[in-house]
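**Student:** The structure is given below, and queries will be raised subsequently.
The values are calculated or read from the model by the stated rules, or taken from the named source; none is laboratory data. If you're wondering where the values come from, they're calculated on a predicted model, not measured in any experiment. Positions of Cβ are generated from backbone atoms using ideal geometry, with glycine treated the same way; all protein chains shown enter the neighbour counts. The area values use the complete protein model at the heavy-atom level, side chains included, leaving out ligands, DNA and RNA. Shrake-Rupley method; radii C 1.70, N 1.55, O 1.52, S 1.80 Å.
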Amino acid sequence: SQKIEQNSEALNIQEGKTATLTCNYTNYSPAYLQWYRQDPGRGPVFLLLIRENEKEKRKERLKVTFDTTLKQSLFHITASQPADSATYLCALALFDGNNRLAFGKGNQVVVIP
Amino acid sequence: DAEITQSPRHKITETGRQVTLACHQTWNHNNMFWYRQDLGHGLRLIHYSYGVQDTNKGEVSDGYSVSRSNTEDLPLTLESAASSQTSVYFCASSDPGQGTYEQYFGPGTRLTVT
C-alpha cells in the first residue's frame with residue numbers, strides 16, 4: 001500500500017540550531033514533492049517544491065533534499081527561531097498533470113528560546 | 001488581494017442532517033480540492049475539481065458530494081451527517097499552469113456532528 005511517513009513525535013529544538021525533519025514514502029513515484037507549514041487553527045501554507053531531478057532546494061533558511069532512490073526527503077530549518085514553531089507537512093504529487101497531492105501526517109517543531 | 005474563504009468557520013449539526021460547507025476563491029484557479037484533517041490521519045482528499053462541471057472522488061468521498069457550477073465556488077455537501085464526519089475541513093485551489101504547483105488553502109471549517 002502507499003504510505004507517506006513523517007515522525008509523529010514533536011521535535012523540540014533550541015533556538016539557533018538546525019531542525020531536520022524526514023519524509024519517507026513507499027509505493028509512490030512522485031514527479032515532485034512539496035513542503036507546507038501549518039499553524040494551529042489555520043490552513044497549510046506552501047513553502048517549497050523540489051522536483052525528482054533536483055537533489056537540493058533552498059529558500060532563505062530552509063533547505064530541502066530529495067532522494068528518489070531512498071524514497072526520502074529531508075527538510076532543514078537552519079538558525080531556527082521561536083517563530084518557526086509549527087507543524088510541517090510533506091506532500092507528494094500524484095502526477096496527473098493537475099497537481100493532486102497526497103499529504104503526510106505532519107511533524108511538529110517546537111523551537112525553545 | 002486574491003484569497004480563498006470558507007464558511008461557516010464553525011458548525012455544529014445533528015446526525016442525519018444535510019450540511020453544506022462553502023468554499024470561494026478569487027484566484028481564478030481551475031483546480032479546487034476538499035480535504036478533511038483528523039488527528040492521526042493528516043489531510044485526506046475528499047473530492048476535487050479541475051474545472052467547471054468537473055468533479056472527481058478522492059480517497060474518502062463516501063457520504064460527501066460536490067458540484068462546480070462556476071470557477072470560484074466548490075461547495076461540499078454532507079448528505080446525511082454522521083458522527084464520523086466530525087472533523088476540520090479545508091478547501092484548497094491551485095493553478096495547473098503555475099510552475100510551483102502550490103495549493104492555496106482556506107482557513108478551514110470545524111464541523112461537529114452530535
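**Student:** Probe radius 1.4 Å, ligands and nucleic acids left out: can you give me the accessible area buried at the A-B interface, summed over both chains, in Å² to the nearest hundred?
**Tutor:** Approximately 1700 Å² gets buried when A meets B.
**Student:** Taking the Cα centre as origin and putting +1 on Lys and Arg beta-carbons and -1 on Asp and Glu beta-carbons, what dipole magnitude results for the stretch A:38-113, to the nearest 20 debye? Could you put the intermediate results ahead of the total?
**Tutor:** Details: 11 positive and 8 negative charges, 6 e Å.
For the stretch A:38-113, the charge dipole is close to 20 debye.
**Student:** Shifting gears a bit: Just the Cα atoms of the stretch B:8-96, one point each, no solvent: what log10 I(q)/I(0) does Debye give at q = 0.12, 0.15 Å⁻¹?
**Tutor:** The Debye formula, applied to the Cα set alone, gives -0.34, -0.53.
**Student:** In debye, nearest 20: dipole of chain B around its Cα centre with unit charges on the Cβ of K, R (+) and D, E (-)?
**Tutor:** 340 debye
**Student:** Based on the Cα gyration tensor of chain A, what are the three equivalent ellipsoid semi-axes, each the root of five times an eigenvalue, rounded to whole Å and given largest first?
**Tutor:** Gyration-tensor ellipsoid for chain A: 23, 14, 13 Å.
**Student:** What length, rounded to one decimal in nm, is gained on full extension from A:Ile112 through to A:Asn12, with 0.36 nm per residue of separation minus their alpha-carbon distance? Working shown, then result.
**Tutor:** Values: separation 100, 0.36 × 100 = 36.00 nm, distance 0.69 nm.
Using 0.36 nm per residue and subtracting the Cα-Cα distance, I get 35.3 nm.
**Student:** Just the projected area, averaged over all directions, of the convex hull on the alpha carbon atoms of the stretch B:46-114: how many nm²?
**Tutor:** 5.1 nm²
**Student:** Can you compute the charge dipole magnitude of the protein assembly as shown about its Cα centre, using +1 on each Lys and Arg Cβ and -1 on each Asp and Glu Cβ, nothing else charged? Give it in debye, rounded to the nearest 20.
**Tutor:** Working: 22 positive and 23 negative charges, 71 e Å.
The calculated dipole for the protein assembly as shown is roughly 340 debye.
**Student:** Something else now. Would you please give the FRET efficiency between B:Thr20 and B:His41, computed as 1/(1 + (r/R0)^6) with r the Cβ-Cβ distance and R0 = 22 Å, to the nearest 0.05?
**Tutor:** 0.45
**Student:** Mind checking which of A:Ser1, A:Tyr36, A:Leu21 is farthest towards the positive end of the stretch A:1-90's charge dipole, using Cβ charges of +1 (Lys, Arg) and -1 (Asp, Glu) about the Cα centre?
**Tutor:** Result: A:Tyr36.
**Student:** I would also like to ask the following. Along the charge dipole of the stretch B:12-114, Cβ charges K/R +1 and D/E -1, which of B:Gln98, B:His24, B:Tyr64 sits furthest on the positive end?
**Tutor:** Looking along the dipole axis, the top candidate is B:Tyr64.
**Student:** With a 1.4 Å probe and all protein chains left in place, how much of the accessible area of the protein assembly as shown comes from carbon and sulfur atoms, in whole percent?
**Tutor:** 45 percent
**Student:** Could you do me a favour and compute the accessible area per residue for the protein assembly as shown, 1.4 Å probe, result in Å²?
**Tutor:** With the other protein chains kept in place, the protein assembly as shown gives 48 Å² per residue.
**Student:** Need one word for the protein assembly as shown: rounded, prolate or oblate. Basis is the Cα gyration tensor (sqrt eigenvalues a ≥ b ≥ c); a/c below 1.5 gives rounded, then a/b vs b/c decides.
**Tutor:** prolate
**Student:** What FRET efficiency comes out for A:Arg58 versus B:Glu79 if R0 is 45 angstrom and r is the Cβ-Cβ distance? Round to the nearest 0.05.
**Tutor:** On the way: r = 46 Å, r/R0 = 1.03.
Calculated value: 0.45.
**Student:** Quick check on chain B: of the DSSP beta bridges with both residues there, what percent are antiparallel, nearest 5%?
**Tutor:** Counting only bridges with both partners in chain B, antiparallel ones make up about 90 percent.
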